[in-house]
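Here's the structure, in structure tokens; my notes come after.
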């Protein structure tokens with residue numbers, strides 16, 4: 001990739017938050033949760049997916065820099081065979097639901 005192409009991609013990435021924010025200005029809660037068609041994601045689900053994807057990418061980039069041969073799970077690739085509604089529900093509930101519950105010290 002040449003320097004010009006790399007810089008253009010960085011600028012496009014940098015501008016992404018503004019583009020999404022502007023697109024959602026004035027959108028009601030009902031509009032955020034509306035699905036354009038059966039089995040398709042709502043705007044809210046798409047925004048959650050964007051945030052999750054950005055965090056995953058950031059972690060992967062850090063690992064690429066810090067580790068000799070980083071490995072990560074297939075993640076969403078393993079979900080491709082699931083029905084769209086299952087993937088959508090899974091995306092909406094987020095990864096925290098799949099983790100074990102923990103507890104902290106009790107206060108008296």
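Here's the yes/no breakdown for (1) in a loop (DSSP other than H, G, I, E, B); (2) in contact with a strand residue (DSSP E or B) (Cβ under 9 Å, 6 or more places away or on another chain); (3) modelled with pLDDT under 90:
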position: 12; (1), (2), (3): no, no, no
position: 15; (1), (2), (3): no, no, no
position: 20; (1), (2), (3): no, no, no
position: 36; (1), (2), (3): yes, no, no
position: 40; (1), (2), (3): yes, no, no
position: 64; (1), (2), (3): no, no, yes
position: 77; (1), (2), (3): no, no, yes
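I need the full set of residues from region 12-45 which are surrounded by 14 or more Cβ atoms within 10 Å (Cβ to Cβ) and free of Cβ contacts under 8 Å to residues at least 12 places away in the same chain, in order please.
Across region 12-45, the qualifying residue is only 42.
The values are calculated or read from the model by the stated rules, or taken from the named source; none is laboratory data. The structure displayed is predicted, hence computed values, not measured ones. All Cβ positions, glycine included, derive from the backbone under ideal geometry; neighbour counts span all protein chains shown.
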